[in-house]
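Trainee: Pasting a structure here, questions to come.
The values are calculated or read from the model by the stated rules, or taken from the named source; none is laboratory data. Because the structure is a prediction, the values reported are computed rather than measured. Cβ atoms come from the backbone with ideal geometry, glycine included; neighbour counts cover every protein chain shown. Keep in mind that these areas ignore ligands, DNA and RNA; they rest on the heavy atoms of the full protein, side chains included. Shrake-Rupley method; radii C 1.70, N 1.55, O 1.52, S 1.80 Å.
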Amino acid sequence: MTIIDIRHLTKDYSQQRGIFDVTFQVEKGECVGFLGPNGAGKSTTIRHLLGFSKPDSGTATIYGKDVSKDRKILEKVGYLPGEIALPKHLTGKEFLLEQMALRQKGNIDRMAFLANLLKLDLEERCGDMSLGSKRKTAIVNAFLFDPEVLILDEPSSGLDPVMQTIFLNFFDEERRKGKTVLFSSHIFAEVEKTSDRVVVIKDGKIVARIGKEELVRGGEKTYEVTLGKKEDFIKLSNSSAFPLLSKDEGKRTLLFRFADSALPSFLESIKDLDIVDFIPHKETLRELFLSYYREERTFAGI
């Protein structure tokens, strides 16, 4: 069942700023990572999904509802914005109690549990909070009502490494409850750990879709091959059967990249060569992202 459905979403702010024909879905119980640098269009897409902005064309729905026309659907959504703005004159506790009153949902025990988990002082005024404390307050608010859907924009930004780990462990527990998540982040390890699939956005356009199998396996791998004989090095370096990334004639080393499925054929092709060393290197999400970003390759799967 599709919970979050974004189709051909376009908002042109001119001068190549905005989002253009953005399309992807998040199914029930899935966590889709939304990856891209600042200014790529992540937050703009999320703002349209939540009804904060109206698109020039296309649609963005949650449970089939356009939030800009049906705000009631937000009762099922926990939202963590990328930029935190809290009322300066209220304490963290007062702010959260105000949110509970507005929604008529949530309870004090849940608030206390989350504050204790994140080591958040609820008696501190929001105006006096550090960036990390503001982020923690926003995290508590996003999870306070035990929502079915979570839309998290840079959730661990501003948290120290220890607190990031605490948050991600808690997030894993929440995901096991079957929550549906759209998760935007700069942090590759964070996305790799939490996401079932990944959408990569650049300059407002989707440039890559990394499916679950590719994400789990780390996508393609690079293979470093060192040969003992010069003639074997020349022969293999001139082969066009497998993508050659680089070569070092002095060390007689070649670097290839291809999918796991091509490995048996590659090994068959080099079995008669004088191989000194053969080293596989798993490609990380960071490397996948950078290669897709450079090449603007598009992959099916989302």
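Trainee: Being at negative phi, open to solvent by 50 Å² or more (accessible area, probe 1.4 Å) and at pLDDT below 95 is the filter here, so list the residues in the stretch 13-36 that pass it.
Mentor: Listed by number, the residues that qualify are Y13, R17.
Trainee: For the stretch 217-240, does any single residue satisfy the condition of being at pLDDT below 90, in contact with a Gly (Cβ under 7 Å, 6 or more places away or on another chain), open to solvent by less than 20 Å² (accessible area, probe 1.4 Å) and part of a loop (DSSP other than H, G, I, E, B)?
Mentor: For the stretch 217-240, residues at pLDDT below 90, in contact with a Gly (Cβ under 7 Å, 6 or more places away or on another chain), open to solvent by less than 20 Å² (accessible area, probe 1.4 Å) and part of a loop (DSSP other than H, G, I, E, B): absent.
Trainee: Out of the residues in the stretch 138-163 that are of a type outside the set (A, V, I, L, M) and surrounded by fewer than 17 Cβ atoms within 10 Å (Cβ to Cβ), which is modelled with the lowest pLDDT?
Mentor: Among residues in the stretch 138-163 that are of a type outside the set (A, V, I, L, M) and surrounded by fewer than 17 Cβ atoms within 10 Å (Cβ to Cβ), the one modelled with the lowest pLDDT is P161.
Trainee: Would it be correct to say that F256 is surrounded by fewer than 16 Cβ atoms within 10 Å (Cβ to Cβ), at pLDDT 75 or above and assigned to a strand (DSSP E or B)?
Mentor: no
Trainee: Residues that are of a type in the set (A, V, I, L, M), modelled with pLDDT of 95 or more and surrounded by 19 or more Cβ atoms within 10 Å (Cβ to Cβ): does the stretch 164-183 have at least one?
Mentor: Checked against the condition, which is being of a type in the set (A, V, I, L, M), modelled with pLDDT of 95 or more and surrounded by 19 or more Cβ atoms within 10 Å (Cβ to Cβ), the stretch 164-183 yields at least one hit.
Trainee: If the requirement is being over 23 Å from I46 (Cβ atoms) and touching a strand residue (DSSP E or B) at 6+ places or on another chain (Cβ under 9 Å), which of these qualifies: R125, R135?
Mentor: It is R125.
Trainee: When the residues of the stretch 72-83 are filtered to those that are part of a helix (DSSP H, G or I) and of a type outside the set (D, E), which remaining residue is most open to solvent (accessible area, probe 1.4 Å)?
Mentor: This residue is K72.
Trainee: Of V191, V200, which residue is surrounded by 14 or more Cβ atoms within 10 Å (Cβ to Cβ) and modelled with pLDDT under 85?
Mentor: None of the others qualify; the one that does is V191.
Trainee: What do you reckon, is K69 in a loop (DSSP other than H, G, I, E, B) and within 28 Å of the chain's Cα centre (by Cα)?
Mentor: yes
Trainee: If you don't mind, another one. I need a count of the residues in the stretch 37-63 that are open to solvent by 40 Å² or more (accessible area, probe 1.4 Å), in contact (Cβ under 8 Å) with a residue 60 or more places away in the chain and within 15 Å of I3 (Cα to Cα).
Mentor: Number satisfying all stated conditions: 1.
Trainee: Would you check which residues across the stretch 84-137 are in a helix (DSSP H, G or I), small (G, A, S), modelled with pLDDT under 95 and open to solvent by 30 Å² or more (accessible area, probe 1.4 Å) and list them?
Mentor: Once the filter is applied, which keeps residues that are in a helix (DSSP H, G or I), small (G, A, S), modelled with pLDDT under 95 and open to solvent by 30 Å² or more (accessible area, probe 1.4 Å), the stretch 84-137 yields only A101.
Trainee: I'd like the full set of residues that are in a helix (DSSP H, G or I) and either open to solvent by less than 50 Å² (accessible area, probe 1.4 Å) or within 24 Å of K230 (Cβ to Cβ) (or both), limited to the stretch 259-271.
Mentor: Of everything in the stretch 259-271, those that are in a helix (DSSP H, G or I) and either open to solvent by less than 50 Å² (accessible area, probe 1.4 Å) or within 24 Å of K230 (Cβ to Cβ) (or both) turn out to be D260, A262, L263, F266, L267, E268, S269, I270.
Trainee: Restricting attention to the stretch 161-201, which residues are outside any helix (DSSP H, G or I), of a type in the set (K, R) and in contact with a helix residue (DSSP H, G or I) (Cβ under 7 Å, 6 or more places away or on another chain)?
Mentor: R197
Trainee: Let me ask something additional. Mind checking which residues of the stretch 48-65 are under 19 Å from V200 (Cβ atoms) and either modelled with pLDDT under 95 or not in a strand (DSSP E or B) (or both)?
Mentor: H48, L49
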